[in-house]
Structures are given as C-alpha cells and as structure tokens.
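Q: Just dropping this structure here.
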Amino acid sequence: MTSLCVLGLGYIGLPTASIFATKGCKVVGVDISASVVETINSGRIHIQEPDLDVLVRAAVQSGNLRASTKPAPADVFILAVPTPFSVAPDGARIPDLSFVEAATRSLAPVVAAGNLVILESTSPVGTTEKVKVWLESELAKLGRKVEGVLYAHCPERILPGQMLKELVSNDRICGGLTPAASEKARDLYATFCTAQIFLADARTAELAKLTENAYRDVNIAFANELSLVCDRLGVDVWELIRLANRHPRVKILQPGPGVGGHCIAVDPWFIVDAAPAEARLMRTAREVNDSKPHHVVSQVRAAAGPGAVVACLGLAFKANIDDLRESPSVEIAGLLADAGLKVLAVEPHVAALPKSLQGRAELVPLDAALARATVVVLLVDHRAFAGLTLAQLSGKKLIDTRGMIRA
Ligand code: SAJ
C-alpha cells in the first residue's frame with residue numbers, strides 16, 4: 001500500500017489524511033502546531049465538521065494515521081497548507097505563498113527518487129512549477145541528488161459542512177507537470193474517490209479551481225447588487241429572485257450580508273493579481289461583496305434609535321457551521337460596536353466570542369437577545385433561527401439579510 005505524508009492538518013489536510021488512512025495507506029500527517037499534532041494523535045480533532053471526529057478516530061485507531069511536526073519519508077507528499085493574500089500599501093491583494101514554500105522546502109531531507117509531490121492548496125497559476133523549483137533548490141543546498149520526482153496540482157473542492165460526503169463523491173482534476181504525474185495522482189485518488197477524475201496540465205488545474213470560486217463570487221455579487229437595487233427601489237429582493245428564477249435559464253443565488261470563508265473571498269484575487277487588466281468583472285464582484293457589510297451597518301444605524309440594543313443573529317460565515325473566519329457577520333458586529341451601539345451576539349455554534357469581538361459585544365442565547373434587543377439583525381440562516389416569526393419580533397426593528405423571517 002502507498003505511504004503518504006500530508007503537510008497541513010486543517011480543513012483539507014485532516015480529512016484527506018484520515019480517509020487515505022482508513023483505506024489502508026500508511027499516513028503521517030504533519031502540522032507546525034504541536035497542540036494540533038497532540039490532539040490528533042489522541043484521536044480527537046481541533047476543527048468542527050460533521051462526522052470528521054469519527055473518521056479521524058477510526059484512522060488513528062487503525063494505526064495508519066499518526067501526526068508529527070516533521071515530515072517523514074513517503075511515496076507521496078500532499079501539500080495542504082493555507083494560501084492567504086496580503087494587502088499591499090496601494091490596496092492590491094498579493095498571494096502569500098510562504099506556507100507552501102516552507103512546506104515544500106521541508107521535504108528536501110526526506111523526498112526520494114520517483115516520489116509524487118501533490119499541491120492541494122488553492123494556488124495561483126504557476127505555483128506547481130514553483131514547488132518544483134523550490135524543492136530542487138533546497139535539495140541542491142543539502143547536496144542531495146534525487147531523480148524523477150513527479151509534481152501535480154490536485155485541488156480540493158469540498159464544501160464545509162458536507163466535506164466527508166464531497167471528498168468521496170466530487171469529481172476531481174489531477175493536473176501534473178507531466179502526463180505521468182497526472183496519471184500517478186489519478187491512481188492515488190481512485191483509492192477513495194468514487195467520482196470521475198479528469199487529467200489536465202498543472203496550470204489548467206490551478207486556474208480551474210480559482211475559476212470555480214470566482215464564478216460563485218460573481219454570481220453572489222449579482223444577487224448582492226440586486227439587493228441594493230431593490231432597497232433603492234422599494235422592491236422585496238427575495239420575491240423578485242423567486243419570480244425571476246421561474247425563467248428556465250435564470251438561476252440567481254441568494255443575497256446576504258457579504259461573502260465570507262477563506263476561499264471565495266480570497267481565490268478570485270489570485271486571478272485579478274495575475275491578469276489585472278483582463279479580470280475586471282471578477283475584481284468588481286469582489287468589491288461588491290466586500291462592500292455589503294457596510295450597507296448592512298448603514299441599515300442598522302438608520303433603524304437604531306437612541307439607547308438601541310442590537311441583536312446580531314449568527315456570526316459564522318455561513319449556515320450551520322462554527323467557522324467564524326473571514327465572516328462578514330463578525331465584521332458587521334464589530335462595526336456596530338465601533339459605532340457605539342450595544343451589541344448582543346447570538347451564535348449557537350460557538351462557546352466564546354472571537355478575539356476581535358471580546359469586550360465589544362456580549363455572547364447571549366437567542367431568548368435573552370430577543371428579550372433585550374430593540375433591533376434584530378439576522379446575519380446567518382442557521383437552522384436554529386428557522387422557527388423565528390415576525391410576531392416574536394413585534395415592536396422591534398428587523399433587518400433580515402438572508403430573507404429568512406417571513407410573515
Ligand atoms: N453565499 C451567499 N449567497 C449564496 C451562496 C453563498 O451570500 O447564494 C455566501 C455564504 O453565506 C458564505 C460565502 O458565500 O459567506 C461562501 O459560501 P459557499 O457555501 O458558497 O462556499 P464555501 O466558501 O463554503 O466553499 C466554496 C465552495 N466552492 C464552490 O461552491 C464553487 C467549495 O466547493 C470549495 O471547495 C471551497 O469554496 C474551497 O475550499 O475552495
């Protein structure tokens with residue numbers, strides 16, 4: 001059976017390492033955080049995702065998955081580390097490949113002839129080529145000569161909240177620097193992937209992943225822009241979209257308080273950075289979605305009278321998950337606190353406020369928030385808020401960014 005070393009035990013690396021282990025592969029999962037390594041080795045997890053705890057426990061108990069802070073020799077290395085962006089002084093978003101570079105260089109002492117190095121992290125076009133250059137330069141520094149290493153980009157497309165299902169059932173793209181690398185990667189993922197696996201070159205695979213998220217961002221921006229148009233014209237955007245979507249070729253997405261998470265709000269910038277003159281629509285979509293939280297804040301401020309108490313329902317970046325990273329709801333709660341309003345936050349999926357809101361908002365249960373609030377802002381369409389009725393909110397101002405609360 002193939003042996004693997006998976007670098008980065010986050011939302012992508014941990015499920016991937018675990019599923020390979022439960023299929024009989026010997027897997028070493030590597031993370032720079034000693035506490036993450038310790039948690040996983042004890043069969044527990046440090047992130048929330050339905051059923052991931054069961055999968056990781058099974059993988060560790062099988063003896064096939066162990067975590068470490070250092071890479072170990074293996075047939076295949078999978079890089080699943082973050083690829084954020086930094087903001088330049090002129091506002092331009094610059095991809096930050098430092099985690100990919102560091103993880104790649106860390107392979108030099110252990111990589112061997114004929115190994116396959118897979119980049120799973122969502123990356124700008126050309127990154128797989130850089131991975132090869134970085135590894136070869138590190139090998140040269142160590143005076144090691146290692147022949148025939150294969151390189152491929154195999155992007156992950158799983159949706160938070162449904163990761164374990166999608167890991168197995170989503171189609172995949174294997175984009176090698178050579179056809180042999182694509183084929184070797186395909187044979188590896190066939191270990192657990194029940195869907196189709198398509199072969200491509202690395203650059204096409206890189207751009208395909210970025211394109212998928214940019215496509216969704218542009219479509220959400222269209223819905224968000226419509227919500228602004230409707231606010232201006234006094235039209236109910238939810239009713240408008242429901243009716244327009246009765247056309248056989250129209251399928252408008254849902255407006256919201258903005259776009260969060262660490263993928264859709266990030267990845268389009270990698271295209272804009274690489275082709276700024278061409279990617280005008282994608283840049284505008286990012287700007288539309290990034291401006292939506294400010295629009296919501298203006299609506300709340302307009303509704304809030306003196307002594308207002310604002311209940312923010314939901315902090316996660318989307319429904320039914322606990323992930324607060326890059327969440328427009330957290331941004332909105334912070335901006336409302338900055339504006340001097342009393343902010344009550346209701347987030348049934350977390351036990352504590354994120355650092356950015358500590359001391360600026362109060363985390364309270366739904367009942368308590370509804371009892372005290374004069375303004376209610378529904379930010380996340382969590383199942384926990386599904387039973388809310390307009391009658392329960394009578395006497396309060398309501399700003400419903402998700403169109404969830406109907407008469
Ligand atoms: N959102 C809306 N309106 C909608 C749909 C989404 O406002 O109609 C908002 C959500 O509330 C959230 C954000 O967009 O703030 C993103 O949520 P999402 O569910 O669209 O996507 P993510 O970020 O959870 O996962 C995406 C997925 N990509 C696509 O659907 C093209 C997933 O398949 C990718 O694997 C993931 O990014 C990733 O890791 O790249």
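Q: Subtract the Cα-Cα distance of Asp367 and Ala112 from 0.36 nm times their separation in residues, and report this length gain in nm to one decimal.
A: 85.9 nm
Q: Based on DSSP H assignment, which helices of the chain show an axial Cα extent of at least 18 Å together with a mean Kyte-Doolittle hydropathy greater than or equal to -0.5?
A: Values: long enough: 127-142 (22 Å, -0.23); 202-233 (47 Å, -0.03); 280-303 (35 Å, -0.76).
Helix filter hits for the chain: 127-142, 202-233.
Q: Moving to a separate point now. For the chain, give me the percentage of DSSP beta bridges that are antiparallel, rounded to the nearest 5 percent.
A: Expressed as a percentage, antiparallel bridges in the chain total about 10.
Q: Taking R0 as 30 Å, what's the FRET efficiency between Arg44 and Arg105 from their Cβ-Cβ distance, rounded to 0.05?
A: 0.50
Q: Rg and Dmax of segment 280-388 over Cα atoms: what are they, in angstrom?
A: 13.7, 46
Q: Run through every distinct alpha carbon pair of segment 288-346 and return the Kirkwood hydrodynamic radius in angstroms, one decimal place.
A: On the way: mean 1/r = 0.0846 Å⁻¹.
After inverting the pairwise mean of 1/r, the radius is 11.8 Å.
Q: Here is a further query. So what J values fall out for segment 249-261 if you push phi through Karplus, 6.51 cos²θ - 1.76 cosθ + 1.60 with θ = phi - 60°, rounded to Hz, Gly and Pro as x?
A: After applying 6.51 cos²θ - 1.76 cosθ + 1.60, I find 10, 10, 9, 6, 7, 9, x, x, x, x, 10, x, x Hz.
Q: Cα-based Rg (one decimal) and Dmax (whole number) for segment 135-259, in Å?
A: Both quantities, over Cα of segment 135-259: 21.3, 70 Å.
Q: Taking every Cα atom in segment 261-326, find the radius of gyration and the maximum pairwise distance Dmax, and write them in Å.
A: Expressed in Å, the Cα Rg and Dmax of segment 261-326 come to 15.9, 49.
Q: Continuing with the same structure: Are there trypsin sites (Lys or Arg not before Pro) in segment 352-384 that DSSP puts in a loop and that have at most 16 other Cβ atoms within 10 Å, and which ones?
A: Arg360
Q: Tell me the mean residue ellipticity at 222 nm calculated for the chain from its helices only (DSSP H runs of n ≥ 4, each -39500 (n - 2.57), averaged over every residue, nearest 500).
A: Roughly -12500 deg cm²/dmol at 222 nm, from the helical runs in the chain.
Q: Now for a separate question. Can you give the translational diffusion coefficient of segment 168-207 in µm²/s, computed by Stokes-Einstein from the Kirkwood radius over Cα pairs at 10 °C and 1.306 mPa s? It would help to have the intermediate numbers written out before the result.
A: Details: Rh = 9.9 Å.
So the translational diffusion coefficient is about 161 µm²/s.
Q: Round to a whole angstrom and tell me the spacing of the C-alpha centers of segment 158-190 and segment 292-309.
A: 45 Å
Q: Specify the inter-centroid distance of segment 339-353 and segment 214-232, based on alpha-carbon positions, in whole Å.
A: 26 Å
Q: With r as the distance between the Cβ atoms of Ala386 and Val168 and R0 = 35 Å, compute the FRET efficiency 1/(1 + (r/R0)^6) and round to 0.05. Please report the intermediate quantities before stating the final value.
A: Values: r = 29 Å, r/R0 = 0.82.
Taking R0 as 35 Å, the efficiency between Val168 and Ala386 is 0.75.
Q: Across segment 48-206, how large is the tail of the calculated P(r) beyond 28 Å, expressed as a percent of all Cα pairs?
A: Beyond 28 Å sits 25 percent of the P(r) for segment 48-206.
Q: Next question, about the same structure. Please work out the FRET efficiency for the pair Ser62 and Ile32, using the Cβ-Cβ distance as r and a Förster radius of 41 Å; give the result to the nearest 0.05.
A: 0.95
Q: Now for a separate question. Count the DSSP beta bridges whose two residues both fall in segment 63-217, then state the antiparallel fraction as a percent rounded to the nearest 5.
A: Around 30 percent of the beta bridges assigned by DSSP in segment 63-217 are antiparallel ones.
Q: If you stretched the chain out fully between Thr284 and Gln254, how much longer would it get, using 0.36 nm times the residue separation minus the C-alpha to C-alpha distance?
A: That pair, Thr284 and Gln254, stretches by 9.0 nm at full extension.
Q: Would you mind telling me the share, in percent, of accessible area of the chain contributed by carbon and sulfur at probe 1.4 angstrom? Don't skip to the answer; put the middle values down first.
A: Values: 10200 of 18450 Å².
C and S atoms contribute 55 percent here.
Q: Could I ask something else about it? Return the equivalent ellipsoid semi-axes of the chain as a descending list in whole Å, where each equals the square root of 5 times an eigenvalue of the C-alpha gyration tensor.
A: 42, 24, 19
Q: Next question, about the same structure. Take the residue pairs Lys145/Lys184; Lys141/Lys209; Lys318/Lys397 and return only those whose Cα atoms are more than 26 Å apart.
A: Details: Lys145/Lys184 22 Å; Lys141/Lys209 33 Å; Lys318/Lys397 23 Å.
In this structure, Lys141/Lys209 exceed 26 Å between Cα atoms.
Q: Mind listing the long-range amide H neighbours of Ile197? Cut-off is under 5 Å, sequence gap 5 or more, other chains count too, H placed in the peptide plane at 1.01 Å from N.
A: Here Arg172 satisfy the definition.
Q: Taking H placed 1.01 Å from N in the peptide plane, check which residues at least 5 places from Val30 or on another chain put their amide H under 5 Å from its amide H.
A: The answer is Val6, Leu7, Gly8, Ser68.
Q: Report the gain in length on full extension from Asn219 to Ser86: 0.36 nm times residue separation, minus Cα-Cα distance, nm rounded to one decimal.
A: Result: 45.4 nm gained on full extension.
Q: Within the chain, which is the longest segment containing none of the GluC sites (Glu not before Pro) that sit in a DSSP loop and have at most 16 other Cβ atoms within 10 Å?
A: Result for the longest clean stretch: 1-146.
Q: Taking only protein heavy atoms into account and a 1.4 Å probe, give the accessible area per residue of segment 1-85 in Å².
A: Working: 3490 Å² over 85 residues.
Roughly 41 Å² per residue, with all protein chains present.
Q: Can you find, among Ala311, Gly258, Leu335, the residue sitting farthest towards the positive end of the charge dipole of segment 258-346, where Lys and Arg contribute +1 and Asp and Glu -1 at Cβ?
A: Looking along the dipole axis, the top candidate is Ala311.
The values are calculated or read from the model by the stated rules, or taken from the named source; none is laboratory data. From a predicted model like this one, the values you see are computed outputs, not experimental measurements. All Cβ positions, even for glycine, are placed from backbone atoms using ideal geometry, and neighbour counts span all protein chains on display. Heads up: the accessible areas ignore ligands, DNA and RNA and are worked out on the full protein's heavy atoms, side chains in. Shrake-Rupley method; radii C 1.70, N 1.55, O 1.52, S 1.80 Å.
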